[in-house]
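The next block holds one structure in the form of structure tokens; read it before the comments.
Each reported figure results from applying straightforward, stated rules to the coordinates on display, with no laboratory input. Treat the numbers as computed from the prediction; the structure is a model and nothing was measured. Cβ atoms come from the backbone with ideal geometry, glycine included; neighbour counts cover every protein chain shown.
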Amino acid sequence: MMTTRRGLLLQLAAGTTAFAQSTGSLDPLIESLAVTDPKLSWLQPRFRNLRSWKRQAHARYLELLHYRPAAVDPKAQVLSTETRDGLTIERLTFATTPNIRVPAYVLKSANAKGKLPAVIALHDHGGFYMWGKEKLLRSVTGPENPVLTAFKQRYYAGRNIAEDLARDGYLVIAIDMFYWGERRMLMPADPADWRERPADMPKERIDAFNARCSANEQLVGRSVMSTGATWAGIMTWDDVRTVDYLISRPDVDPKRIACTGLSVGAVRAAYLAAADERIKVAMPICWMTSFPDQLRDKVGNTIGHTKLIPGLYGDLDYPDLASLAMPAALLVINGGKDGLFAPSGVAKAHEKLRACYRKAGIADRVECTMYPDAPHEFNAEMQKQAWAFLRKWI
């Protein structure tokens, strides 16, 4: 049966591969351009001092993001506060630039006292744009749409991980990434249901919105790049400014801040920890690979505008970038049945990370785990491992 354009977009929105991703006869030339020995990798023999290497590699990374807004006063505005099931949940916005305010939820135990360790919970992509931060906690503004509940069941074992972490004693913050949730792309003629996101909006309407967003993601990415910035830069600096906001709070211990996320949330975790040494623990889930191994047939769903940093991989492969988090503790988890990644690339990335931490003399601070039977998800067993790692290091 022929696949319609709408059907193709829905498959992409669901995260499935709808067509071959190979570039065919162009493969040899493209693969010949790939750098397999990035010149700023910590494993290059000329780098011997960790701090000196980090200064050089960090500066190059920030330069390639092509976006570095000046620090601003967060000027947080709390819109509502509620207590439910032993948790206090604040709905708020804070400034990341003079003209951008980011919506967020902050959760902590209702009985919490003093300065708490904090976790930045970073939501995924999933081809699911209607909601962002709400993927990590139950709805605060009303009943939860069953489609969102089903999404959590598929990718998070039905858990609201921001709430789980808050119950474990952490202050947790979750923001909407640019293009998701309250920051989603709306057009002047869009109908009320797409604007208001009612709890009874049917799946086909949500699918249609997500399909449109998927189709327009490249347009938005090209538009951002046309300004001289990158989507990855906007994404990363919003997350850095989230750290700024956290340390402005009297109930946060600034020396104990962690981040974690699934899928593009994992990319965000790696990029954030590489950018900001205030992150002491980073846990990227289901997004770690060596990118030369992706070029043959895995580029389509793994090197999109949300993640692309032009020129990066000549200097730093993805695991090299993640190693910029050192000496922060790093947990990396992948699924053996995650079709987004070439198994060879995942294996190389895990080994490179272990080698980087060994060279730095902190081999005990990195943990790379493959769940052989797991698809692209943050399942209950992975969550158990991650929360134990977090308790150990923070």
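Test of understanding: ordering THR306, THR23, THR236, THR227 by Cβ neighbours within 10 Å, fewest first, what list do you get? It would help to have the intermediate numbers written out before the result.
Details: THR306 22, THR23 15, THR236 25, THR227 9.
Lowest count first: THR227, THR23, THR306, THR236.
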- Query: Between the range 240-302 and the range 113-146, what's the alpha-carbon centroid distance in Å?
  - Reply: 16
- Message: Straight-line reach only, C-alpha to C-alpha below 16 angstrom: list the aspartates and glutamates that LYS359 could link to, leaving out same-chain residues fewer than 8 apart.
- Response: ASP320, GLU351, GLU367
- Task: Please find, in a Gaussian network model of the chain (springs between Cα atoms separated by less than 10 Å), the residue of ILE100, ILE206, ILE309 whose mean-square fluctuation is greatest.
- Result: ILE100
- Message: Classify the range 102-188 from the C-alpha gyration tensor, please: rounded if a/c falls under 1.5, else prolate or oblate depending on whether a/b exceeds b/c.
- Response: prolate
- Item | Per-residue [θ]222 nm for the chain (sum of -39500 (n - 2.57) over DSSP H runs n ≥ 4, rounded to 500) | -11500 deg cm²/dmol
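Scan the chain and note any complete DSSP helix (H) whose C-alpha atoms cover at least 15 Å along its axis and whose Kyte-Doolittle average is 0.5 or more. All intermediate terms of the calculation are to be shown ahead of the outcome.
Working: long enough: 50-65 (22 Å, -0.74); 203-226 (34 Å, -0.50); 231-248 (26 Å, 0.23); 264-275 (16 Å, 1.40); 343-359 (24 Å, -0.92); 380-393 (20 Å, -0.76).
Span-like helices, by this rule, are 264-275.
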- Task: Select from LEU79, LEU330, LEU316 the residue whose mean-square fluctuation is largest in a Gaussian network model of the chain (Cα-Cα springs shorter than 10 Å).
- Result: LEU79
- Selected from LEU312, ASN160, GLY114, residue furthest toward positive end of dipole (the range 77-393; charges at beta carbon): GLY114
- Note on the structure: Semi-axes (Å, rounded, descending) of the ellipsoid equivalent to the range 77-393 per its C-alpha gyration tensor are 28, 25, 19
